[in-house]
Each structure stands twice: as structure tokens, then as C-alpha cells.
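Remarks on the structure that follows.
The values are calculated or read from the model by the stated rules, or taken from the named source; none is laboratory data. Given the structure is predicted, the values throughout are model-derived calculations rather than measurements. Please note: Cβ atoms are built from the backbone with ideal geometry, for glycine as well, and neighbour counts cover all protein chains shown.
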Amino acid sequence: MYKASAGVVLPTSIIGSLPRPAWHTAQLGSKSFLEAMVNARWREQYEDAVSTHLRAQEVAGLDICTDGDAHYDEEIAGWSWQSYPLTHMAGLSREVALTVPSVNLAAVPRGMILHDQLEARVLPRIVGPLGPGNLQYAAMWKVAQRLTRRPVKFGTIMPELLAAAVRDEHYQDPVERVWAFSEAINQELHQLADAGCPVIQMEEPQIHMVPARGKPFGRLEIADLVKIFNNTVKGLRAKTEVWCHTCWGNPAQQRIFRDVQSYQPTLAALNEVDADAITFETCSSGTGDLEAIGRLVTDKKVVIGVIDHHTLQIERPDQVAAIIREALQGIPAERLIVSSDCGMGREGMSRRHAQYKMVAMVLGTNLVKKELGLPEADCLAADPRYSMAG
């Protein structure tokens, strides 16, 4: 169900995270969100941080906002994206321990920044049936949405990534564990949708990663991953707009692959996910997949990345416009959404860099809107009347 993007041609947004304000020093840890909001100092810092993120997006002129993922703690490589659900869901131990994943450690030896992420995996164990527990996504979304009139999108990690991160002392099979995460997250997302959230974003299904990384647990086929995605969002599209976010990795704003990867081997499968829109990384990874995306993703909106989340170099509006124009060669403007490639708050970027990347996105989109005779977004950051330089 199109809600936030309904009736808007070439709407702009970001994927989710924004750099944490330096003064936002309070940490949530394993406390529930509602419990933390009882503390006056934590609540003030949290609400101020969300307000700052929302205001930055409004000043840039974005159509669809996020809360900047402000509930995530300041962890190495943005690891809280995964650790938050694992430390707040039901069925996991209160004790935590270093949990090194089953990856090729030779590929990320000590001396590489990506190795630090392995050392940051201090996680609980699964000790009982999984459930939503204290995720409390609806409460978080409400805090953000009551601070802006613009629609606020809320995102969360996919179950196969959570299932691969933890030790399991309850389920007999890793695939059973994935499905248990899927059912629990679906319950939580229905509460979020029922609260009125206009866009729910499912982050990083591993469908497009299979050709590069292999099958999750050595068993899950691409078709299985599509089924898991669809189960995790079952029933949601009757209530809200669902986005499927795909990118090629972003710990500490780093690339995880040496070479640029392609979506083309899995585009047909991605077109089968039960989502209203699919995001694609088309700035940092180039535009080589756009023709195939336009040809194969035919019944959903396409969210193109025009901002590189890996670099501090601010894109110029004409560069942003060029990517949009290329996308429009195969995707109708009514089905196109403009965004960043991925989140900009995974440890490596300043608030000012992120601010001007969002401004560049809006100004570049405005160039194309003007060419198409569409209303341009109001970008306060670029209004010459307010330049202190005259």
C-alpha cells in the first residue's frame, strides 16, 4: 500500500541512519526503550537527537524522513544495527559473550578495520523461544512522527542476519532459527503498522548476496530467502508501505567487497519479494545495473541511490541529476524514488557531510523536476536569501 510515496513524483529520502550528535552521550544498552524514556536525561538527549535528525532532513527538503536510527548505541562499525534486536528480543540470555561468526577470518585479519567489527560481536545466546520482547518499534516511531509533519520511515534488520550472528541453545536447526526470527519480527512490525507508521523498511535480505557470498548456512537457496522475506512482512502491505533495502555492505562506511558487485543475477528473485519498493545502490557501485533493473523490476517502485555513503566527497547536484536521468530511461518517473545508497551513520561520517549530501540530493532532483515540469522541493539550506555571505 503506497502511503508515504503516494501521489509524489520523484520523492526523496535517505535509507536510515545519520551521524550521531557528539553531545548524544547517553547509551540505551539492554534497557527497554520505554524504560529508558523514564530517565529525564536520557529522554532529553534522545528526543533532541531525533529532532536534530528530522530538522536536518527538513532543511534539506526531503519528502520522506527517518529518525536517523537514534536508538542505536554508538558501537564499532554501526554494530548496534544488529545488536539492538538481539539484546531486546525475548528468548535470548541476559549474559553476553564474544561471538565470532563463522566467516573466513583470513579475509579480515587483524590490521583491517573490518576486523574490529568481529571483536565487537559481544552478544547473548538463544536460550528459549524467540519473540518480539522489548523491541518497541512503535514507541520509537511515535516519538519521531510527533516531531514532524513529514512521513517518517522506520527500518529494521532481516532475520537471516540475526540468525547468523548468535549462538543457539534452543532451536535444533539454523533454518528453524531463521523462521523463528521471521515470525517474531513480523509480530513486532504489525504493531508498528497498526500504530500508523507510513513506511516500514526491511534491511538487507541476503537474496542479492548469494552469488557473492554463497548460501546462508550453506543451505538457504535464493527462493528460500524470498519466502523468508515474504513471511517476515506477511500482512503488512494491507496496512502500510513496505520497502526492501539492498546494498553491498556498510560497516564503518567501508566496502566489504573489493570489486563492485551486480544485482543482475538476482533481479528476477528480488521482483518476487512482497514489497512496494526496492532500493538499489546505484551511486557508489555505478549505474551499470539500471537498464536491467528497469526491465526486470516492473511491478514495484524503484529506489535509486544517488549519494555515496562511503565517501566524504559531497556529490554535486548535476551528478545526482545525471543518475536520475539515466534511471528515467527505463523507469517511469511515477515509479522512481531518490535516496542515498545506504545509511550515513555507521561511524565514519560527520553530521555536516551528511547534511550537505542530503542537500545535494534534493538540488539534483530539483534539476530533473524542473526539466519535467514538476514542482521543485523547497530546500532551505540552499535559499540564497539566508546566506550570511550576502
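General remarks:
- Only one of the listed residues (LEU296, LEU270) is over 25 Å from VAL362 (Cα atoms) and either of a type in the set (Val, Ile, Thr) or free of Cβ contacts under 8 Å to residues at least 40 places away in the same chain (or both). That residue is LEU296.
- The set of residues from region 354-385 being farther than 20 Å from LEU54 by Cα and in a helix (DSSP H, G or I) comprises GLY364, ASN366, LEU367, VAL368, LYS369, LYS370, GLU371, LEU372, PRO384, ARG385.
- In region 206-232, the residues that are over 14 Å from TRP179 (Cβ atoms) and assigned to a loop (DSSP other than H, G, I, E, B): GLN206, ILE207, HIS208, MET209, GLY214, LYS215, GLU221
- Which numbered condition THR87 fails, given (1) touching a residue at least 40 places away in the same chain (Cβ under 8 Å); (2) touching a helix residue (DSSP H, G or I) at 6+ places or on another chain (Cβ under 8 Å): (2)
- Residue that is farthest from LEU189 (Cα to Cα), among those in region 98-136 that are touching a residue at least 60 places away in the same chain (Cβ under 8 Å) and outside any loop (DSSP other than H, G, I, E, B): ILE113
- Within region 253-294, considering residues that are among the β-branched types (Val, Ile, Thr), assigned to a loop (DSSP other than H, G, I, E, B) and out of contact with any Cys (no Cβ under 7 Å at 6 or more places or on another chain), the one surrounded by the fewest Cβ atoms within 10 Å (Cβ to Cβ): VAL260
- Those helices (runs of 4 or more DSSP H) of region 1-95 in which at least 1 residues are over 21 Å from the mean Cα position of the chain (by Cα) and either surrounded by fewer than 18 Cβ atoms within 10 Å (Cβ to Cβ) or among the hydroxyl-bearing types (Ser, Thr, Tyr) (or both), considering only elements entirely within it, cover 33-36, 40-60.
- Search result, residues across region 212-238 that are within 24 Å of ALA195 (Cα to Cα) and surrounded by fewer than 18 Cβ atoms within 10 Å (Cβ to Cβ): ASN230, ASN231, LYS234, GLY235, ARG237, ALA238
- Check on VAL127, crowded, with 17+ Cβ neighbours inside 10 Å and at pLDDT 95 or above: no
- Region 148-177 residues that are touching a residue at least 40 places away in the same chain (Cβ under 8 Å) and assigned to a strand (DSSP E or B), paired with ones that are buried (at least 19 other Cβ atoms within 10 Å of the Cβ) and small (Gly, Ala, Ser) (beta carbon under 6 Å, 6 or more apart): VAL152/ALA144; GLY155/GLY16
- Selection count, region 315-345, where residues are part of a loop (DSSP other than H, G, I, E, B) and surrounded by fewer than 18 Cβ atoms within 10 Å (Cβ to Cβ): 4
- Any hit, region 295-302, residues being more than 17 Å from LEU10 (Cα to Cα) and not in a loop (DSSP other than H, G, I, E, B): yes
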